[in-house]
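I have placed the structure first, in the form of structure tokens, so that the comments after it can refer back to it.
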Amino acid sequence: MKLFVGLGNPGAKYARNRHNIGFMAVDRISQDHSFGPWKSKFQAEIAEGRLGREKVLLIKPQTFMNRSGQSVGEAMRFYKLDSTDVTVFHDELDLAPGKVRVKAGGGHAGHNGLRSIHEHISPAYDRVRLGIGHPGRKEMVSPYVLGDFAKADSDWLEDVLRGVSDGAAHLVDNESGKFMNAVALRTAPPRSSKTPQPSQSAPKPAPEPEVDERSAMQKLLDKFK
């Protein structure tokens, strides 16, 4: 069994925040892969389903971001899992909007949700880093991440969420390369290499003129027939 944890803050007022892109990611996985209904357990909303041959539990902690580790730790202990069975989907300031990266272990880089998970289960878990960009100055970070995505972000955000959902089963199999390929097919699809066909209404080429092979004398005789 695997735990897929989306990070965010509970409540309608935070639903479209940049900080909640982790919630959005697991919501899309649940929707696209026909997971069961969301239920309340482990101080979180959880949904059960399968990705490939593996059972997966989706988790959206309802403790607010800076205490996310409490619910993750509870679920992990209940199912007797290891921290390496956990994958966390979270917003990433250090990646440009629309960029996605997979990381195994490492630091929390000041992210309050990751810091809490570190404290409760150790740093040895996988992360899917979902780029939201940086506002430019440190003092602007809090209002930026707690601000809603702009309308202009809608297209790339939709592509990222679809790509993450498409590749989710590869994460279960620890095939991060295949996961990234699935994301790339949504966020940077290859251009068509087909040669354009000529239009059906294009004018036909003019017929070549017929060649008169008669001699000069024959032409003169034919003229007076």
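Descriptive notes on the structure:
- All positions within the range 97-142 that are open to solvent by 40 Å² or more (accessible area, probe 1.4 Å) and in contact with an Asp or Glu (Cβ under 6 Å, 6 or more places away or on another chain): Ala104, Arg129
- Number of the condition not met by Ile46 [criteria: (1) free of Cβ contacts under 8 Å to residues at least 60 places away in the same chain; (2) touching a helix residue (DSSP H, G or I) at 6+ places or on another chain (Cβ under 6 Å)]: (2)
- Taken over the range 143-163, the residue count meeting the criterion of being outside any loop (DSSP other than H, G, I, E, B) and either touching a Cys at 6+ places or on another chain (Cβ under 6 Å) or open to solvent by 60 Å² or more (accessible area, probe 1.4 Å) (or both) is 7.
- Exactly one residue out of Arg77, Arg16, Arg50 is closer than 26 Å to Pro135 by Cβ and open to solvent by 10 Å² or more (accessible area, probe 1.4 Å): that is Arg16.
- Lone qualifier among Lys39, Lys55, Lys60 - being touching a strand residue (DSSP E or B) at 6+ places or on another chain (Cβ under 6 Å) and open to solvent by 60 Å² or more (accessible area, probe 1.4 Å): Lys39
- Hits in the range 136-165 - residues which are on the phi < 0 side of the Ramachandran plot and without any contact (Cβ under 8 Å) to a residue 24 or more places away in the chain: Arg137, Lys138, Glu139, Met140, Ser142, Pro143, Ala150, Lys151, Ala152, Ser154, Asp155, Glu158
- Among the residues examined, Leu220 qualifies as surrounded by 10 or more Cβ atoms within 10 Å (Cβ to Cβ), at pLDDT below 80 and of a type outside the set (S, T, N, Q).
- Out of Ser165, Ser142, one residue alone is touching a helix residue (DSSP H, G or I) at 6+ places or on another chain (Cβ under 9 Å) and of a type in the set (Ser, Thr, Tyr). It is Ser165.
- Between Asp82, Asp94, the distinction of being open to solvent by 50 Å² or more (accessible area, probe 1.4 Å) and more than 19 Å from Ile132 (Cβ to Cβ) belongs to Asp82 only.
- Restricted to the range 65-120, and to residues there that are assigned to a strand (DSSP E or B) and charged (D, E, K, R), the residue that is farthest from the chain's Cα centre (by Cα) is Lys103.
The values are calculated or read from the model by the stated rules, or taken from the named source; none is laboratory data. Only a predicted model underlies this, so the values are computations on that prediction, with no experimental measurement involved. Please note: Cβ atoms are built from the backbone with ideal geometry, for glycine as well, and neighbour counts cover all protein chains shown. Only protein heavy atoms, including side chains, enter the accessible area calculation; ligands, DNA and RNA are left aside. Shrake-Rupley method; radii C 1.70, N 1.55, O 1.52, S 1.80 Å.
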